[in-house]
Amino acid sequence: MRHTARVLQSLERQVVRAKSTAFIGLGRMGSEMAFNFFSKTFAESPDTRFIICDALPTSAITFRQHFIAQFPGAHIDIVLTPKEAVHASQTVLTMLPSSPQVETVYSEANGVISALKSLSAAELARSLFIDSTTLDVGIARNVAAEVISAGAQMVDAPVSGGVTGAKAGTLSFLVGGTEGAFALSQPILAHMGSRIIHCGPSGAGLGAKICNNLVLGVQQIVVGEAMLLGQKLGLDPRILAGVINSSTGGCWASSVNNPVPYSLADKSPPCERDYEGGFATALMLKDMLLATGVAASTDSPLPLGKSAQNFYAETLRHRPDLAQKDFSSVYERLQQMKRED
């Protein structure tokens, strides 16, 4: 009888897990991504269960209240540990600040790997993990190897598009993992983004993201420099931005994220909201450090990347108030340097 009860309990858990998706990490990006995924999934399958978990329980409580207010009847529960999330959900998405948090969530006590050890072979085979954190490639590969070794599947799926893209559901996902895991992740990621690119094996998505943000980080500084120089030469910022954006200097950092207020006639970049609501300067510094770190380990030259990293670091030393502002706020540091000169 006890054996039969255990079998029935295991089958019941498998049924519940199959209908449940967990999201761990409800920061600026994670909360918008989770909201999009949950709302679209709920519209398709009202019986789906959602699990949320965050290092700050108040963030999870606030998210749940906001979601339930807009989608009455949705099944959304809060758990306190990643281990509980894995026990409750067959699919787990994570969006965390950086490498240390990923190691904590996946590898430490009450984490993902610990939970996987208690699942049956059938439950493991159906478990999928999607990590959208931008982190060290080596750590990502080690974590994925642990998950896969336990019997589950995992992809790294860092994003491009920022908070604006997360809110609009137009993110680009740069995915690393096996063809099979990528195929499983596609319909899930499609609820949060408009482009899903399979970049290669484990870690490849992160490699692509780091290279992309390396370019972006350098561009944003030089756009600020050019806009400041142009004004010193007597150019109207709107005219100068129009020239750059229709010429060979055109790039996202100028045409969408221009750091000078009211220089873009048809857009409202973060600079027009006191640099609020964009990609934090502290996060861009983190990404530049990831780029210079992996470049050093692969003996790849990075003269502009290193200079840009140093400038973001120097900006935050002089202007710590810009740490959580959009990274285009480095323009304010450039202006300050102009006055100091």
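The values are calculated or read from the model by the stated rules, or taken from the named source; none is laboratory data. Bear in mind that the values here come from a model prediction, so they are computed numbers and not experimental data. Reconstructed Cβ throughout: ideal geometry from the backbone, glycine too, with neighbour counts over all protein chains shown. To get the accessible areas, we keep the full protein, side chains included, count just its heavy atoms, and leave off ligands, DNA and RNA. Shrake-Rupley method; radii C 1.70, N 1.55, O 1.52, S 1.80 Å.
Can you tell me the dipole magnitude for the stretch 26-105 around its Cα centre, using point charges on the Cβ only (Lys, Arg +1; Asp, Glu -1), in Debye to the nearest 20?
Dipole size: approximately 80 debye.
What is the local net charge at Gln101, summed over the other residues whose Cβ is closer than 13 Å to its Cβ (Lys, Arg +1; Asp, Glu -1)?
Overall, the nearby charge balance is -4.
Which order do the peptides 296-304, 54-62 come out in when sorted by mean C-beta neighbours inside 10 angstrom, highest first?
54-62, 296-304
I want to make sure I understand the PRE zone here: with the label point 7 angstrom from the Cα of Glu225 toward its beta carbon, which residues in the stretch 290-304 have backbone N atoms less than 11 Å away?
Taking a point 7 Å out along Cα→Cβ of Glu225, the residues of the stretch 290-304 whose backbone N falls under 11 Å are 304.
Here are a few candidate values for semi-axes √(5λ) of the Cα gyration tensor in Å: [x] 41, 21, 17; [y] 58, 25, 18; [z] 28, 26, 19. Which one was actually calculated from the structure I just gave you?
[x]
Multiply the residue separation of Ile197 and Asn245 by 0.36 nm, subtract the distance between their alpha-carbon atoms, and state the gained length in nm to one decimal. Could you put the intermediate results ahead of the total?
Details: separation 48, 0.36 × 48 = 17.28 nm, distance 2.67 nm.
Gain in length upon complete extension: 14.6 nm.
Just the number, please: Stokes-Einstein D of the stretch 199-336 in µm²/s, Kirkwood Rh from C-alpha pairs, 37 °C, 0.692 mPa s.
Approximately 212 µm²/s, per Stokes-Einstein.
Taking only DSSP H segments of four or more residues, each worth -39500 (n - 2.57), what value at 222 nm results for the chain once the sum is divided by all its residues, to the nearest 500 deg cm²/dmol?
The helix contribution divided over the chain gives -17500 deg cm²/dmol.
With every protein chain left in place, what is the accessible area per residue of the chain in square angstrom, probe 1.4 Å?
46
Please give the length that would be gained between Leu235 and Ala43 if that part of the chain were fully extended, namely 0.36 nm times their separation in residues minus their C-alpha to C-alpha distance (nm, one decimal).
64.1 nm
Using 7 Å Cα-to-Cβ label points, what is the Asp321/Ala69 separation (nm, one decimal)?
Computed distance between label sites Asp321 and Ala69 equals 3.0 nm.
Are there any trypsin sites (Lys or Arg not before Pro) in the stretch 41-117 that are in a DSSP loop and have at most 13 other Cβ atoms within 10 Å? List them by number.
Loop-located and lightly packed - Lys117.
Report, in listed order, any pair from Lys19/Lys117; Lys19/Lys325; Lys117/Lys306; Lys209/Lys267; Lys19/Lys286 with a Cα-Cα distance greater than 31 Å.
Pairs exceeding the cut-off: Lys19/Lys325; Lys117/Lys306; Lys19/Lys286.
Okay, which of the stretch 117-136 sit inside 19 Å, backbone N to the point 7 Å along the Cα-Cβ direction of Val16?
Residues 117-128 qualify, since their backbone N sits under 19 Å from the label point.
Say a paramagnetic label sat at a point 7 Å from the Cα of Glu276, along Cα to Cβ; which residues of the stretch 151-166 have their backbone N under 19 Å from it?
The answer is 163-166, whose backbone nitrogens lie closer than 19 Å to the label point.
Once the Cα atoms of helix 137-150 and of the chain are each reduced to a long axis, what angle between those two axes, in degrees from 0 to 90 to the nearest 10, is obtained?
Approximately 10 degrees, to the nearest 10.
With both partners inside the chain, how many of the DSSP beta bridges are antiparallel, as a percent to the nearest 5? Write out the running numbers ahead of the final one.
Details: 4 of 31 bridges.
Bridges in the chain that DSSP calls antiparallel: roughly 15 percent.
Cα axis of helix 2-18 to longest principal axis of the chain: angle in degrees, 0 to 90, nearest 10?
Compared with the principal axis, the helix lies near 30 degrees.
Mind pulling the angle between the C-alpha long axis of helix 179-189 and the longest principal axis of the chain? Nearest 10 degrees, somewhere in 0 to 90.
Helix 179-189 sits at roughly 70 degrees to that axis.
Can you give me the Cα centroid spacing of the stretch 100-126 and the stretch 295-341 in angstrom?
37
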